[in-house]
1. Sequence-distant or interchain residues sharing an amide H contact under 5 Å with A92, placed H: which?
2. Which order do V120, V5 take when ranked by solvent-accessible area (1.4 Å probe, heavy atoms of all protein chains), largest first?
3. Ratio of alpha-carbon Rg to the 2.2 N^0.38 Å globular estimate for the chain, to two decimals, please.
4. In debye to the nearest 20, how big a dipole does segment 59-179 give about its Cα centre with +1 on each Lys and Arg Cβ and -1 on each Asp and Glu Cβ?
5. Keeping all protein chains in place and using 1.4 angstrom, which order do T33, T207 fall into by accessible surface area, from largest down?
6. Could you rank the peptides 140-150, 285-295 by their average count of other C-beta atoms within 10 Å per residue, with the highest value first?
7. Would you mind counting up the charge near S395? Only other residues with Cβ under 10 Å from its Cβ, with Lys and Arg at +1 and Asp and Glu at -1.
8. Rounded to the nearest percent, how much of the accessible area of the chain (1.4 Å probe, protein heavy atoms only) is carbon and sulfur?
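The values are calculated or read from the model by the stated rules, or taken from the named source; none is laboratory data. As the structure is a prediction and not an experimental result, all values here were calculated from the model. All Cβ positions, glycine included, derive from the backbone under ideal geometry; neighbour counts span all protein chains shown. In case anyone asks, the SASA skips ligands and DNA or RNA and just uses the protein heavy atoms, side chains included. Shrake-Rupley method; radii C 1.70, N 1.55, O 1.52, S 1.80 Å.
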Amino acid sequence: MKISVKNIPYEKALTLTRPEHKLPKKCNFFWRTLIQGLTWFGMAGTGFTYETERMELLPKDQPCLILMNHSCFLDMQIVHRILYPRHFSVIATFDSFVGLGGLMNWVMRQIGGIPTQKFVTDLTLIGDMQYCFKELKTSVLMYPEAGYSFDGRCTPLPRKMGVILKKLDVPVVMIETFGAFSRNPLYNELQVRKGVKVSAKATLLYTREEIKEKSVQELSDGLDAAFGFDQFAWQKAQNVEIKDDFRADGLNRILYKCPHCGAEGKMEGKGIHLTCHSCGKQWELTPLGEMKALEGETEFSHIPDWYSWERECVRQEILDGTYKLDVDVKIGMLVDTKYLYMVGEGRLTHDRENGFTLTGCDGKLSYTQKPQSCYSVNADYYWYEIGDIISIGNSDALYYCFPRKGGAFVAKTRFAAEEMYKLYKSRVLRAPERSFSSVMNGN
């Protein structure tokens, strides 16, 4: 999937008209049937099956909130196969509405799309969801993780989901997929492992009565449990063998740090092997999804354990004050729904004192995003087939930063943003106190 791109000066991008907020539309029978037909072609060869649990307690005409784990491009097709002909709208990232000179925005709205910005406070989103439930009498699909899973486990969920469930006051359905991540993990450069079958389970997680009875904490704990999946553990438990000779391609995108010598950005995933070009150590990604050292100790056989170790290393760097991202980037902006506007080049930095700082476009651009502003960051691999990205921004503009050279940028930056946020929220780290003069100057 690609996005329309246009090169313009940064100052011109600032003058573009931002899209006005529009209420969601109800997807009609024509669009629902067309999409359902397309999913049969898109999912051909997946051997798709699904099961349900407690869904008989949900009336067919009862709007509900549908939560789903986010594994790969198959997710939307899976949910349509399960829920058809139920009406539902989809909370989708703003970039999916961009392209074809604005035509994509029209299409997305016809099929019930509700645009939002990843990891940016959106005060209208809850209102749009309530409008769907109460006025349109339609369900709403949400991917609460916001981004695709990197390591086959859940990415951090918003901490106020229990409060949101209370406020929405509708039943909650959970759809969990199996095999979708294994078939097409994000790090694997969009290569599909065609031998992996895909299945799903739709569960009525909470009825309206149960939402009223449970506390906010109980609701949040239930969601955490529902999203406590581990796709690599599932693969081994189900004895799903993946024998493709490209299965380790791009694995360095998530396993970027060598546990043998500690080098970062020197790993290469190619074929069935992961190699550290600093110390020379090699591991095989086995058909059952485990890591196995070709010589010596296998430090981490389970990929999520390796990934968690990298997170802890980043957390320690932040505590020590040694963490720093400083990289040259190409800069894209999302302002309206017509194009991704490439506005020039710049420099992206990230540290615990200032958070993100983006400068560039011949000195015209300077944007800062504090560590406490969000619990995560939009970081993605091979975004719309352009390149790896780190995206920051606010309701006025989103900045898509494409590192100009390869390295351990995306996964490590996501770790750092999440760990900084937690450290500040727990008050292990404290924001610098502002002087009286800085307050008076609005800083």
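1. I114, T116
2. I get V5, V120, largest accessible area first.
3. Compared with the compact-globule rule of thumb, the chain sits at 0.99.
4. In debye, rounded to 20, segment 59-179 gives about 260.
5. T33, T207
6. The peptides rank, most packed first, as 140-150, 285-295.
7. Local net charge: -1.
8. 51 percent
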